[in-house]
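Bear in mind that the values in this text are calculations on the coordinates, not laboratory data. These numbers were taken from a predicted model, which means no experiment stands behind them. FYI the Cβ positions are ideal-geometry reconstructions off the backbone, even for glycines, and counts take in every protein chain you see.
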């Protein structure tokens, strides 16, 4: 389950970047993160939904619909976490949040989606357990 959450976060981040850098035209929030595009966000979301469906075929702990709901929450909260981290960097006047991964935005930039999405994924999994 934990690996599935990581996979969904990585798929969203990776495909949002790939789709956004290849066909992205409309900026999502240019004042906060000038390279993020609407097309990239939607591309990441679509590929994450596909990944969630594939995970549902191999990990029966959740139903397909539950994997899709979990993926939706992870995409929304992960993207929000990424934008919040970008805003914090802008307010601090820095390009990278650390020197460990130069050119990649720093270590915080690699983990911002996970830090923000993980508590909400946990909440959704608890709702699935106790409500359904």
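Quick rundown of the values:
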read-out: Sequence-separation-based contact order of segment 2-131, relative, with Cα cut under 8 Å and 6+ spacing, percent; value: 22 percent
read-out: Helix-only [θ]222 nm of the chain, DSSP H runs n ≥ 4, -39500 (n - 2.57) each, per residue, nearest 500; value: -26000 deg cm²/dmol
read-out: Using alpha-carbon coordinates, inclination of helix 2-23 to the longest axis of the chain, degrees; value: 50 degrees
read-out: Degrees between helix 107-131 axis and first principal axis of the chain (Cα, 0 to 90, nearest 10); value: 20 degrees
read-out: Calculated FRET efficiency for the pair residue 92/residue 131, C-beta based, R₀ 35 Å, to 0.05; value: 0.30
read-out: Overall dimensions of segment 2-131 by Cα: Rg and Dmax, Å; value: 15.1, 46
read-out: Fully extended contour minus Cα-Cα distance, from residue 35 to residue 84, at 0.36 nm per residue; value: 16.2 nm
read-out: Gain on full stretching of the segment that runs from residue 65 to residue 3 - 0.36 nm per residue minus C-alpha separation; value: 20.5 nm
